[in-house]
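Input: a single structure, listed below in structure tokens.
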Amino acid sequence: MESRNVSKKPEGRAIIDPAKRSMLLAALYVAQEHNGYLTRDAVHQVAKRLGLTDSEVYSTASFYTLFRTEPVGRHVIQVCEGLSCYLNEGAERVVDYVGAKLGIKPGETTGDGRFTLETVQCLASCGTAPAMRVNDQLYENLSPASIDDILERLMGEV
Amino acid sequence: MAEQQPVLLANVHRPDSEKITTYVRHGGYTALRKALKTDPEEIIAEVKASGLKGRGGAGFPTGTKWDFMPKDAPVKYLAVNTDEGEPGTFKDRLIVERDPHSILEGVIISAYAIGAHRAFVYIRGEFFLGVKRWIKAISDAYQHGFLGRDILGSGFDLDVSVHRGAGAYICGEETAMIESLEGKRGVPRAKPPYPAQSGMWSKPTLVQNVETLANIPHIILKGARWHSGIGTKESKGVKIFCVSGHVNRPGNFELPLGTRLKDIIFEHAGGVRMGRSVKAIIPGGASTPIIGADRISTPMAFETLKAAGTALGTGAVIVMDETTDMVEVVRRTTRFFVHESCGNCLPCRVGGKRMLEHLERLAAGTGTARDIEDLEYLAQGIYGQTFCPMGTGMVEPILSGLRLFRDEFEGKVKSN
Ligand SMILES: Cc1cc2nc3c(=O)[nH]c(=O)nc-3n(C[C@H](O)[C@H](O)[C@H](O)COP(=O)(O)O)c2cc1C
Ligand code: SF4
Ligand code: FES
């Protein structure tokens, strides 16, 4: 068994179960589901269940952009700013369009806590660019009209 | 070249293409039945003879990699790479969402050939539909007796599980993927040892791209001869080319390796939008060198693209027309790699940031001739000097962009 990444508890014994540790990403997804981000308590619970320290869990979570340690809006809008989206009149144009409609800039959340706007890297939708993701839904071939539709539907939700 | 019936994309446009019943109705899992009656050694020999090379970007001969897997190791793993993140690439997502069983059949045959009883599917965290399709495909395969204990009465056992990544391009690199599968930060490991010697939990691990795996059932059914009869001298079989950018009909096109770039762009992708002319092409995803329109007759094959100073990569063709601002293109690819750097080694972590600063200044029109010089100096210094291939991938567009379109960089320099 490899010795790297095996933590020592005060009693000096290596206690990490590698099969358990491999559940960490899956556990973080579950832990993040309820609040939309990883609360301190959620991190602590995950650490406890998997036999890791809180900081080991934070260290791993912080490597991955889909894990958050800060609160976000109910709907997270991720606009692709990759090359193919840019070449197809997307990227910043979509970011600006969505941003203007919601009155926020990338990285910001609306005052009512409903929308967060982010930019992301290539979403593997380059053949159907421009593309963006809202929560777990992918939207392709975006146009101002389709963006209007998407946002109006989300705004209508309670 | 003779017209080719679609192989990998034969199912994707059928209604309910993702369902096991659709797959089986069109001949799915017959290759598995055949394979389970064949000696594993014979399967490895067949895949070797087919000339199949990896479709995940590196183009390593698949059969050779299978042969590297130690025969006597008691525990071996298969890791299935569905992390598709190379900008310009959107083929793996298509197969996973529309025809997951074609990959799964390849997974089972490959695991049988190398003697693995446990396979891990690693899938990009953003691919929400893909995750659902993988999970459904696997559970249906269990129900049909294609997975689990004593598969189809052959005595061969295989379990497969699905693992979501969480937004890190570097986790597509095979050793970073293994780290991530182990529940850690996705920092690449040193090679050697290669995963085939020491991978997940230090056990021999075969890492394979999903498009590569989707080829396996066809090779089993139709034979190595059939496969090696398609393509060029060093590039056998069909490839899914992802065409995006300034073309009329962007999309995935399955064509024989060796199809000319210009035929892909003009015949299949409908030519350049608004009748404009081609200025530049990225032929294999954002980490492959940019080429100019003068290379448009190059056949899309490993050896011919190498001779043209670039690479086949993932087969992601990004077409840029005459109006394209090449400094902006290079800034954008660099920004991607800087964003995705795992931070493990200095040339990529710090060098990337510095290069991006030069490019930001040049793109904003506030740069000087010194920015171009420093950018080139850094890029040359970083090339080939990073811990994993990503850092070199980052400088490929920069160096080729400077070589081909230097005048555009110079044109951006402040005029005083
Ligand atoms: C930075 C980087 C990112 C990569 N991303 C992917 C990826 O998303 N999918 C993939 O299949 N291979 C990717 N690869 C290649 C893998 O390391 C590996 O070569 C491949 O999965 C092996 O499968 P193949 O032989 O079937 O192509 C990447 C390599 C590097 C250096
Ligand atoms: S080259 Fe970049 S991605 Fe690769 S190990 Fe170094 S820092 Fe990480
Ligand atoms: S560049 Fe936007 S999806 Fe690929």
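Count, please, the residues in the stretch B:132-149 that happen to be among the aliphatic types (A, V, I, L, M) and either farther than 21 Å from B:V24 by Cα or touching a Pro at 6+ places or on another chain (Cβ under 7 Å) (or both).
Total satisfying the criteria: 1.
Go through the stretch B:163-182 residue by residue and tally those that are part of a loop (DSSP other than H, G, I, E, B), touching a Phe, Trp or Tyr at 6+ places or on another chain (Cβ under 8 Å) and more than 8 Å from chain A (Cβ to nearest Cβ).
So the count comes out to 0.
Could you list all residues from the stretch B:1-52 that are in a helix (DSSP H, G or I) and acidic (D, E)?
Hits for the stretch B:1-52 are B:E41, B:E42, B:E46.
Being within 11 Å of chain B (Cβ to nearest Cβ) and touching a residue at least 12 places away in the same chain (Cβ under 8 Å) is the filter here; which residues of the stretch A:135-151 pass it?
Selection gives A:N135, A:L138, A:E140, A:N141.
Residues of the stretch B:230-250 being open to solvent by less than 10 Å² (accessible area, probe 1.4 Å) and within 13 Å of chain A (Cβ to nearest Cβ), which ones?
B:I240, B:F241, B:C242, B:V243, B:S244, B:G245, B:V247
Checking the conditions here, which among B:R361, B:R331 is crowded, with 17+ Cβ neighbours inside 10 Å, more than 16 Å from ligand 1 (Cβ to nearest atom), at pLDDT 95 or above and within 14 Å of chain A (Cβ to nearest Cβ)?
It is B:R331.
Taking the stretch B:199-224 only, how many residues are within 16 Å of the chain's Cα centre (by Cα), within 14 Å of chain A (Cβ to nearest Cβ) and part of a helix (DSSP H, G or I)?
Total satisfying the criteria: 2.
Can you find a residue in the stretch B:383-390 that is within 16 Å of ligand 1 (Cβ to nearest atom), in contact with a Gly (Cβ under 8 Å, 6 or more places away or on another chain) and under 28 Å from B:K53 (Cβ atoms)?
The answer is yes; a qualifying residue exists.
If a residue must be open to solvent by less than 20 Å² (accessible area, probe 1.4 Å), outside any loop (DSSP other than H, G, I, E, B) and under 20 Å from B:G85 (Cα atoms), how many such residues does the stretch A:77-125 contain?
Of the residues in the stretch A:77-125, 8 are open to solvent by less than 20 Å² (accessible area, probe 1.4 Å), outside any loop (DSSP other than H, G, I, E, B) and under 20 Å from B:G85 (Cα atoms).
Are there any pairs with C-beta distances below 7 angstrom linking a residue in the stretch B:296-318 that is of a type in the set (D, E, K, R) to a residue that is assigned to a loop (DSSP other than H, G, I, E, B) and open to solvent by 40 Å² or more (accessible area, probe 1.4 Å), with the two at least 6 apart or on different chains, and if so which?
Close Cβ pairs (under 7 Å, with a partner that is assigned to a loop (DSSP other than H, G, I, E, B) and open to solvent by 40 Å² or more (accessible area, probe 1.4 Å)) amount to B:E303/B:K233; B:E303/B:E234.
Quick one: in the stretch A:24-63, of everything that is within 12 Å of another protein chain (Cβ to nearest Cβ) and among the β-branched types (V, I, T), which residue is most open to solvent (accessible area, probe 1.4 Å)?
Out of the qualifying residues, it is A:V30.
Go through A:V79, A:V95, A:V43 for me and flag whichever is more than 16 Å from ligand 1 (Cβ to nearest atom) and not assigned by TED's automatic domain parsing to the domain that holds A:D149.
Going through A:V79, A:V95, A:V43 in turn, just one is more than 16 Å from ligand 1 (Cβ to nearest atom) and not assigned by TED's automatic domain parsing to the domain that holds A:D149: A:V43.
For the stretch B:370-399, give me the residue count where each residue is of a type in the set (G, A, S), in a helix (DSSP H, G or I) and either in contact with a strand residue (DSSP E or B) (Cβ under 7 Å, 6 or more places away or on another chain) or surrounded by fewer than 18 Cβ atoms within 10 Å (Cβ to Cβ) (or both).
1
The values are calculated or read from the model by the stated rules, or taken from the named source; none is laboratory data. In this text the structure is predicted, and so the values were computed from the model without any measurement. Neighbour counts run over all protein chains shown; Cβ positions are idealised from the backbone, glycine included. Heavy atoms of the whole protein, side chains included, go into the accessibility calculation; ligands, DNA and RNA do not. Shrake-Rupley method; radii C 1.70, N 1.55, O 1.52, S 1.80 Å.
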